[in-house]
Each structure stands twice: as C-alpha cells, then as structure tokens.
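Peer 1: Shown below is the structure under consideration.
The values are calculated or read from the model by the stated rules, or taken from the named source; none is laboratory data. Bear in mind that the values here come from a model prediction, so they are computed numbers and not experimental data. Cβ atoms come from the backbone with ideal geometry, glycine included; neighbour counts cover every protein chain shown.
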Amino acid sequence: MRWLLSSLFYKSPFPGLQKHADKVKECAQLLKEATACHIQEECKKFDLLTEQVARLESEADAIKRNIRNHLPHGILMPVDKFQFFQYLGEQDKVLDEVEDALFWLSFRPKGVPEEVALDILHLTESVIPPIEKLSTLVSLANEYFSARTEKARKKVKSIIRDIRQHEKEADFLERELKFKIFSTIKDPLVVFHLIKLVDIIGAIADHAENAADRMRAMIAK
C-alpha cells in the first residue's frame, strides 16, 4: 500500500517551468537589441541575434516537451494539470511571437520607414517588462504552492496585476501606431508589412497577459 500511495506523487513540475520561463526572459533583451539593430540598417548583428533567439526557442521547446513527457497520468499535483499546461502553452507562445517578429522584420532588409522607426522601437520596449516578469511570476507561484500562505499569494497577484498593466500600455501604443502608419505611409506593401509587424509585437504582450491570467486561475481559492 505504501508503494501504491507514493506512486501517486511526483516531483513538482515548477522547476522545469522556471527553466522555461528563464529562456523566455533571455529573449527579451535580444528582441530589443535586434529590433534597434534592424532599424539602424547598418547594424551587422541582426542575423546573429535572430539566431540566438531561434536557439532559445529550440531550447525552450525541449524543456516544454520534457515537462509534458514526465507528467504521467494519475499523479497528484499542487495545481490543476489542465491549467498548468495552459499556462505553459501561453508562456511558450511568447517566445514564438518574439521569433516571428524578428523573422517578419527580416523581410525588409532596409529597415522600417524613418517616420515610424522610433515608434516601432517604443512598442518593442513596451513588451519587454511583461516578458521578463514571467520568470518572477513562476518563481513566486512556486513559493506560494510550496507554502500556501496568503502573503505569498498576494505577491503572485501583484505580479499578475503588473503584467496586465504592461499589456494595457502596449495595447494603447499598438493602436496609436497603427493609426500613424495608415496616416503617414503611402506604399500599401509597406503598410501591410508594418501592420503585421505591429500585430506580432503586440501579441507578445497579449500572450504574457494570457499566461498571467492562467496563473491567476491556478492560485484561485
């Protein structure tokens, strides 16, 4: 009976989730640096930076698969397994969108029009904080599920509110930038490229907020 009972339990999946979140966090500054580099046009490091992001995405995927493959059916977890995998999926999409943003940027080797270059960089900078806060969110959530104290729970909720606020700010910049693109850029192909780029960058913050919402559901009483 003792063996049967012990087989229901498994080590916490949060260390793996933390490793995944740390990979996502690493991509934040690479996104900012690569975007600024591309806008400058003469920058020679863009391809190297995008390769680094691709490497991080591949490593994060390996961590994600490892987490999924080592959670057999029937184990007892501190959180709902379905909600946990939803969180992991949204956190993983953050890195996917970062990679997609740089890939889409690469379609225009000459950079972006001067009229909106700084706005693109500003929007990119606005999605950096929610990316970086995901690592802190996972760390605090692990602390909460280990101790189950109200103090630890409030810390998690505070980070969730911060991520939501950052997403709202990024969403505002996204709407303003789209209006500016349609108002100032005349070439329809350039307009299409820029609008798609803005959508992808904005989606980074959207998925960070989605991840935060999934974590809020996991810590709900």
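Peer 1: Being surrounded by 19 or more Cβ atoms within 10 Å (Cβ to Cβ) and under 18 Å from Asn210 (Cβ atoms) is the filter here; which residues of the stretch 141-159 pass it?
Peer 2: Selection gives Ala141, Val156, Ile159.
Peer 1: What pairs can you find where one residue is in the stretch 32-53 and in a loop (DSSP other than H, G, I, E, B), the other is not β-branched (Val, Ile, Thr), and their Cβ atoms are less than 6 Å apart, with a gap of 6+ or different chains?
Peer 2: Final answer for the pair search is Glu41/Gly111; Cys43/Cys37; Lys45/Cys37.
Peer 1: Pull up the stretch 84-117, narrow it to residues that are loosely packed, with under 15 Cβ neighbours inside 10 Å and in contact (Cβ under 8 Å) with a residue 40 or more places away in the chain, then point me to the one that is farthest from Thr184 (Cα to Cα).
Peer 2: Selected residue: Phe103.
Peer 1: Separate question: Answer yes or no as to whether Glu176 is among the acidic types (Asp, Glu), more than 25 Å from Glu57 (Cβ to Cβ) and assigned to a helix (DSSP H, G or I).
Peer 2: yes
Peer 1: Tell me yes or no: at least one residue of the stretch 138-153 is among the aliphatic types (A, V, I, L, M), closer than 23 Å to Val53 by Cβ and not in a helix (DSSP H, G or I).
Peer 2: Looking through the stretch 138-153, none of the residues is among the aliphatic types (A, V, I, L, M), closer than 23 Å to Val53 by Cβ and not in a helix (DSSP H, G or I).
Peer 1: Hey, among the residues in the stretch 96-136 that are modelled with pLDDT under 95 and either outside any helix (DSSP H, G or I) or in contact with a strand residue (DSSP E or B) (Cβ under 6 Å, 6 or more places away or on another chain) (or both), which one's farthest from Val53 (Cα to Cα)?
Peer 2: Pro113
Peer 1: Moving on to the next point. Lys186: farther than 20 Å from Leu95 by Cα, out of contact with any Pro (no Cβ under 9 Å at 6 or more places or on another chain) and outside any helix (DSSP H, G or I), yes or no?
Peer 2: yes
Peer 1: Hey, can you tell me all the residues within the stretch 41-53 that are surrounded by fewer than 14 Cβ atoms within 10 Å (Cβ to Cβ) and among the aliphatic types (A, V, I, L, M)?
Peer 2: Result: Leu48, single match.
Peer 1: While we're on this one: Does Leu17 satisfy the condition of being buried (at least 19 other Cβ atoms within 10 Å of the Cβ) and either out of contact with any Pro (no Cβ under 7 Å at 6 or more places or on another chain) or farther than 22 Å from Leu134 by Cβ (or both)?
Peer 2: yes
Peer 1: Within the stretch 77-134, how many residues turn out to be touching a Lys or Arg at 6+ places or on another chain (Cβ under 9 Å), more than 19 Å from Val24 (Cβ to Cβ) and not hydrophobic (A, V, I, L, M, F, W, C)?
Peer 2: 3
Peer 1: Now, a different point. Looking at (1) at pLDDT below 75; (2) touching a helix residue (DSSP H, G or I) at 6+ places or on another chain (Cβ under 8 Å), find the lone condition where Ala36 falls short.
Peer 2: With respect to (1) at pLDDT below 75; (2) touching a helix residue (DSSP H, G or I) at 6+ places or on another chain (Cβ under 8 Å), Ala36 is out only on (1).
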